[in-house]
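Here the structure comes first, spelled out in structure tokens, and everything after it is commentary.
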Amino acid sequence: MDLFEHQAKELFARHGVAVPRGRVAWKPEEAEAVAAELGGTVVVKAQVQIGGRGKAGGIQLARDPAEAREQAARIIGMDIRGHTVRRVLVEEASEIAAEYYVAILHDRAGKGFLAMASAEGGVEIEEVAASKPEAVVRVPVNPLIGLRPYHVNQLLYGALFAPEARKGAAELLARLYQVFVAADCLLVEVNPLVLTAAGQVIALDGKVSLDDSALVRHPDLEALRDTFAVDPQEQAAKERGLNYIKLDGYVGIIGNGAGLVMSTLDVVAQAGGKAANFLDVGGGASAETMADGLEVILSDQKVRSVLVNIFGGITRGDLVAQGILDALERLGDKVQVPLVVRLDGTNALEGRELLAASPHDQVIPAATMLDAARKAVELADAKAGA
Ligand code: GDP
Ligand code: MN
């Protein structure tokens, strides 16, 4: 789960990482009130989970509360690279003397943590890494040892931080590491970390990716989950306890067992199609889970055909077939696309007979997985052409 900048900064502040004073606002009037409270010039920042907000016009200075309200009114509702702005962060403006980049992340290849720093802050770090790799200093950190002063010195001297920024940056990095560990983060990134004209070092931006698997340990952070940011189908699936991941294709996929679903994605690709999702209904695929799964998949407007791929082991084919039929009854005319069903394993014959005898002509049986994938892709293509 990624946090919004204002949430990241609230988390930073709890651990003593220096951030500008400010607060989130959902309405222009709120932005005006926050600006009045802060006094002086403020910056109004679009809160979306994507970079490049400045270039898109989503970051504006405002000299007084009335201007803050006007800027907020302009920014809220704005579309920034496909993300709709629903709130802004209003904070005291900073006078920037220098911009840096720092980050701490999990390094899978290195099997540890990685701390990074650069004096080329304020711009896309990927660009810096590509055009001027020597400007980005990487220091591996052993999680059992933690971030020590010698790591910090390697970062700050290696990246040529200005001497007057070193003390503040060192302190900030130590606290940022505390955030990283305490909140079970996959990534904490500050771009830009700034040295202000007054000589302070503060986090002017903040990006935090939390480890979803560790969220059970952080109910306070789990509560920050933004229902707007989550895909509606993924949200619905989560509420129903399904393992669903949305992809960008058009063939909906349901299978039992993660391995089977993954190989189903492969055969759909082999048949020239693109999968719309990954949905594993698990071992005991009951009528209810089938209906829930189908409902989630069919609510995705891009889906033009559905491929149900079930291998009966403990799961019995006849029960799955009954589940599909019950689901069709329950969903009624929500089912506007063909359903190619491949049933194999325990009681597959009984299951296929049930499907064949049903009055639902959108159910199309298939003998093998590849055959099923070909049919599903063909039907989806036909629907696109129609
Ligand atoms: P991003 O582009 O979406 O990552 O947004 P950032 O929060 O990193 O801001 C982009 C740029 O806006 C920064 O690099 C700064 O140059 C500028 N900026 C942000 N806040 C302030 C501020 O308080 N004062 C000034 N002068 N510039 C700011
Ligand atoms: Mn930034």
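The values are calculated or read from the model by the stated rules, or taken from the named source; none is laboratory data. The shown structure was predicted, so the numbers you read here are calculated from the model rather than taken from an experiment. We place every Cβ from the backbone using ideal geometry, glycine too, and count neighbours over all the protein chains shown. Side chains included, ligands, DNA and RNA excluded: accessible areas come from the protein's heavy atoms. Shrake-Rupley method; radii C 1.70, N 1.55, O 1.52, S 1.80 Å.
Quick look at the values:
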{"quantity": "Extreme residue, nearest to ligand 2 (Cβ to nearest atom), among residues of region 101-122 that are without any contact (Cβ under 8 Å) to a residue 60 or more places away in the chain and surrounded by fewer than 19 Cβ atoms within 10 Å (Cβ to Cβ)", "calculated": "Leu114"}
{"quantity": "Pair list, Cβ < 9 Å and 6+ apart or interchain, from region 237-262 residues that are acidic (Asp, Glu) to residues that are open to solvent by 40 Å² or more (accessible area, probe 1.4 Å)", "calculated": "Asp248/Lys274; Asp248/Lys302"}
{"quantity": "Residues that are aliphatic (A, V, I, L, M) and in a strand (DSSP E or B), drawn from region 177-202", "calculated": "Leu186, Leu187, Val188, Val190, Leu193, Val194, Leu195, Val201, Ile202"}
{"quantity": "All positions within region 177-200 that are within 21 Å of Arg138 (Cβ to Cβ) and either open to solvent by 20 Å² or more (accessible area, probe 1.4 Å) or within 16 Å of ligand 2 (Cβ to nearest atom) (or both)", "calculated": "Tyr177, Gln178, Val181, Leu186, Leu187, Val188, Glu189, Val190, Asn191, Pro192, Leu193"}
{"quantity": "So Lys27, is it away from ligand 1 (no atom under 16 Å from the Cβ) and either under 27 Å from Glu126 (Cβ atoms) or basic (Lys, Arg) (or both)", "calculated": "yes"}
{"quantity": "Filter result for the condition that a residue is more than 16 Å from ligand 2 (Cβ to nearest atom), farther than 30 Å from Ala93 by Cβ and assigned to a helix (DSSP H, G or I), over Ala174, Ala214", "calculated": "Ala214"}
{"quantity": "Hits in region 52-72 (condition: away from ligand 2 (no atom under 16 Å from the Cβ) and open to solvent by less than 60 Å² (accessible area, probe 1.4 Å))", "calculated": "Ala62, Pro65, Ala66, Glu67, Ala68, Gln71, Ala72"}
{"quantity": "Single residue of region 123-140 satisfying the filter (over 19 Å from Phe4 (Cα atoms) and of a type in the set (D, E, K, R)) that is farthest from ligand 2 (Cβ to nearest atom)", "calculated": "Glu134"}
{"quantity": "When residues of region 73-98 are limited to those that are under 20 Å from the mean Cα position of the chain (by Cα) and of a type in the set (Lys, Arg), the one most open to solvent (accessible area, probe 1.4 Å)", "calculated": "Arg81"}
{"quantity": "Residues of region 75-89 satisfying the condition of being within 11 Å of ligand 1 (Cβ to nearest atom) and at pLDDT 95 or above", "calculated": "Leu89"}
{"quantity": "Among the residues listed as Ala198, Ala182, Ala159, the single one being away from ligand 1 (no atom under 16 Å from the Cβ), more than 22 Å from Leu11 (Cα to Cα) and among the small types (Gly, Ala, Ser)", "calculated": "Ala159"}
{"quantity": "Val17 assigned to a loop (DSSP other than H, G, I, E, B), at pLDDT 95 or above and surrounded by 23 or more Cβ atoms within 10 Å (Cβ to Cβ)", "calculated": "yes"}
{"quantity": "Failed item, numbered, when Ala117 is tested on (1) at pLDDT 95 or above; (2) within 13 Å of ligand 1 (Cβ to nearest atom)", "calculated": "(2)"}
{"quantity": "Close pairs (6 angstrom Cβ cut-off, 6 or more residues apart or separate chains): closer than 30 Å to Asp231 by Cα in region 28-57, within 8 Å of ligand 1 (Cβ to nearest atom) and assigned to a loop (DSSP other than H, G, I, E, B) anywhere", "calculated": "Val43/Ala93; Ala46/Arg53; Ala46/Gly58"}
{"quantity": "Lone qualifier among Asp300, Asp326, Asp280 - being within 20 Å of Pro359 (Cβ to Cβ) and either of a type outside the set (Gly, Ala, Ser) or in contact (Cβ under 8 Å) with a residue 60 or more places away in the chain (or both)", "calculated": "Asp326"}
{"quantity": "Output for region 31-48, where each listed residue is more than 12 Å from ligand 2 (Cβ to nearest atom), of a type outside the set (A, V, I, L, M, F, W, C) and within 31 Å of the chain's Cα centre (by Cα)", "calculated": "Glu32, Gln47"}
{"quantity": "Count of residues meeting criterion [loosely packed, with under 15 Cβ neighbours inside 10 Å and either in a helix (DSSP H, G or I) or in contact with a Phe, Trp or Tyr (Cβ under 6 Å, 6 or more places away or on another chain) (or both)] in region 264-283", "calculated": "2"}
{"quantity": "Unmet requirement for Leu38, which otherwise passes all of (1) more than 10 Å from ligand 1 (Cβ to nearest atom); (2) over 19 Å from Val19 (Cα atoms); (3) open to solvent by less than 40 Å² (accessible area, probe 1.4 Å)", "calculated": "(2)"}
